[in-house]
């Protein structure tokens, strides 16, 4: 367990979406203030605007990895290749732990109906794996960073 996993889950339980929770948990490392991070990640919750595509926690994790280990020179092919390999490794590990990186598959039918965000009730948290997925997404980022693989 990592402090980042704890932070991410706590943020999710406060009402932030999955992507916001992971990105905001790493504010001390990314340098983004909470409002900027929350706005940047706001579109990626629920698998991209609740369309249940790539898990928002995975998207938030990739934003963290991009900010900390991304490239900015479009002509630096080596840096681009290295970063893409990092993201592929992240996705591979998340998939190995959870079976997928796709929101609708991770939810296995729980909360996949409709396009409107649901109220965060006790029942909401009981029927979906999202708090654990947010925690795992952040912990995996922390693991990659601690191991020097990022």
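Each value in this text was obtained by applying a stated rule to the coordinates, not by laboratory testing. As the structure is a computational prediction, the values presented were derived from the model and not from experiment. Here the Cβ is made from the backbone with ideal geometry for all residues, glycine too, and neighbour counts use every protein chain on show.
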Checklist outcome for this item: Rg/Rh of the chain (Cα atoms, Kirkwood Rh), to two decimals, equals 0.97
Checklist outcome for this item: Helix 56-69: inclination vs the chain longest Cα principal axis, degrees, rounded to 10, gives 20
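Rounded to the nearest 0.05, what FRET efficiency is calculated for residue 36 and residue 68 with R0 set to 22 Å and r the Cβ-Cβ distance? Walk me through the numbers on the way to the answer.
Numbers: r = 16 Å, r/R0 = 0.71.
That gives a FRET efficiency of 0.90.
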Item to check | Among 117, 74, 129, residue whose mean-square fluctuation peaks in a GNM of the chain (springs only between Cα atoms under 10 Å) | outcome: 74
Item to check | Inter-site label distance for residue 80 and residue 51 at 7 Å from Cα along Cβ, in nm | outcome: 2.4
Checklist entry - For the chain, modelled as a Gaussian network with Cα springs under 10 Å, which listed residue fluctuates most, 50, 104, 95? => result 95
Checklist outcome for this item: So, relative contact order of the chain in percent, Cα under 8 Å, 6 or more apart, is 30
Checklist entry - Between residue 95 and residue 43, what is the spin-label point distance in nm, taking each point 7 Å from the Cα along the Cα→C-beta axis? => result 2.5
Checklist entry - Which angle from 0 to 90°, rounded to the nearest 10, does the C-alpha axis of helix 3-14 make with the longest principal axis of the chain? => result 40
Checklist entry - What shape does the stretch 1-42 have by the C-alpha gyration tensor, where a ≥ b ≥ c are the square roots of the eigenvalues, rounded means a/c under 1.5, and otherwise prolate means a/b greater than b/c and oblate the rest? => result oblate
Item to check | Helix 130-146 vs. the chain, principal-axis angle (Cα, 0 to 90°, nearest 10) | outcome: 10
Checklist outcome for this item: the stretch 78-113 and the stretch 10-70 have their Cα centres apart by a whole-number Å value of 14
